[in-house]
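The structure appears right after this line, and notes come after that.
The values are calculated or read from the model by the stated rules, or taken from the named source; none is laboratory data. In this text the structure is predicted, and so the values were computed from the model without any measurement. Methodologically, a virtual Cβ is constructed for each residue, glycine included, from the backbone with ideal geometry; neighbour enumeration extends over all protein chains shown. SASA here: full protein model, heavy atoms, side chains in, ligands and nucleic acids out. Shrake-Rupley method; radii C 1.70, N 1.55, O 1.52, S 1.80 Å.
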Amino acid sequence: MREETLDILCNPYKGEPLTLVANSLVGAASGQVFQIRDGIPVILADEGLQGRNRKSKILHDFWAFGYDAIVSLGDKIQLNTELMVREQYIAKLELAPGDKVLETAAGTASNLFHLPESIDYYGLDISFRMLKHARKKAKAADRQIELVQADAAYIPFRDDMFNLVLQMGGLQFLEDPFRSVSEMARVALPGTTVHIIDEIGGAVRTLSRLPAHTKYAKDKETALEGIKRLAPQGMMDVSSHIIEKTDFYALSFKKPTP
């Protein structure tokens with residue numbers, strides 16, 4: 001972990017700075033301790049391991065060893081369209097050299113290789129094993145990345161830090177999608193556009209379990225419109241659309257400037 005990463009980290013449960021003590025991060029006021037495992041901070045408390053989050057962690061830890069191979073095979077035999085999404089959407093995001101990029105639900109960091117090498121990439125995931133594979137891939141490609149194990153509903157970075165905040169997949173697995181999307185907006189710089197990409201079927205499933213939003217889950221067309229309700233109040237240019245020739249949608253919104 002680089003020194004500049006410590007400067008932008010925080011305890012998301014207490015809203016306090018973290019200090020490095022031996023091989024741990026410690027809350028400056030509360031004294032809450034988070035371990036650093038194999039160079040990856042684990043900023044994850046019991047609050048982040050409930051319900052769907054716990055199931056998602058177990059599932060993705062289990063599949064981590066073969067996840068990339070399964071996705072690659074699915075692309076080759078056209079069972080999924082993830083590679084097409086990366087080529088059509090991720091690779092076309094506008095970024096400048098040195099921009100800080102945060103990817104939540106980063107998994108094995110496959111999106112990293114469709115982003116410019118000149119960016120400063122941070123990956124967050126609830127699965128430690130997925131992150132270990134991400135680090136291995138980045139090292140093999142000589143790409144510098146910073147990784148953290150955390151819950152997307154409690155992002156351990158300070159406000160207004162990132163030039164781009166991105167999530168591809170995983171929204172349907174989050175315990176609290178509203179809080180998670182709000183956290184993405186919090187850590188984005190003012191004027192930044194947040195991008196969330198997931199399967200359109202996942203939008204139906206996400207909305208179907210939110211009591212006040214089940215009316216938007218009756219079919220994919222209404223779900224595409226309803227998923228925009230996840231954008232926090234006050235966000236600008238809120239839009240959602242199907243990514244052409246794929247079964248994924250993209251939700252985007254811009255964080256207003258003061």
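Table: residues versus (1) among the hydrophobic types (A, V, I, L, M, F, W, C); (2) over 18 Å from the mean Cα position of the chain (by Cα); (3) farther than 19 Å from Phe173 by Cα.
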| position | (1), (2), (3) |
| --- | --- |
| Gln32 | no, yes, yes |
| Gln35 | no, yes, yes |
| Asp38 | no, yes, yes |
| Leu44 | yes, no, no |
| Phe62 | yes, yes, no |
| Gly66 | no, yes, yes |
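Let me confirm something: among Thr192, Thr214, which residue is over 18 Å from the mean Cα position of the chain (by Cα) and hydroxyl-bearing (Ser, Thr, Tyr)? Give the derivation first.
On the way: Thr192 fails: over 18 Å from the mean Cα position of the chain (by Cα).
On inspection, the qualifying residue turns out to be Thr214.
Inside the stretch 65-108, can you point out the residues that are touching a strand residue (DSSP E or B) at 6+ places or on another chain (Cβ under 8 Å), modelled with pLDDT of 85 or more and assigned to a loop (DSSP other than H, G, I, E, B)?
Matches in the stretch 65-108: Tyr89, Leu93, Leu95, Gly98, Asp99, Ala105, Ala106, Gly107.
What are the pairs with Cβ atoms under 8 angstrom where one residue, in the stretch 220-237, is in contact (Cβ under 8 Å) with a residue 24 or more places away in the chain and hydrophobic (A, V, I, L, M, F, W, C) and the other, located anywhere, is surrounded by 15 or more Cβ atoms within 10 Å (Cβ to Cβ) and part of a loop (DSSP other than H, G, I, E, B)? Sequence gap at least six, or different chains.
Pairs that qualify, where the first residue is in contact (Cβ under 8 Å) with a residue 24 or more places away in the chain and hydrophobic (A, V, I, L, M, F, W, C) and the partner is surrounded by 15 or more Cβ atoms within 10 Å (Cβ to Cβ) and part of a loop (DSSP other than H, G, I, E, B), are Met235/Lys255.
Take Ser208 and decide whether it is modelled with pLDDT of 95 or more, surrounded by fewer than 19 Cβ atoms within 10 Å (Cβ to Cβ) and more than 27 Å from Leu83 (Cα to Cα). Quick ask: steps written out before the conclusion?
Details: modelled with pLDDT of 95 or more: no; surrounded by fewer than 19 Cβ atoms within 10 Å (Cβ to Cβ): yes; more than 27 Å from Leu83 (Cα to Cα): yes.
No, not satisfied.
Of all residues in the stretch 165-192 being open to solvent by 10 Å² or more (accessible area, probe 1.4 Å) and hydrophobic (A, V, I, L, M, F, W, C), which is nearest to Ala231 (Cα to Cα)?
Step by step, filter the stretch 165-192, then rank; the result is Phe178.
If you scan the stretch 232-254, which residues turn out to be out of contact with any helix residue (DSSP H, G or I) (no Cβ under 7 Å at 6 or more places or on another chain) and surrounded by 15 or more Cβ atoms within 10 Å (Cβ to Cβ)?
Ala250, Ser252, Phe253, Lys254
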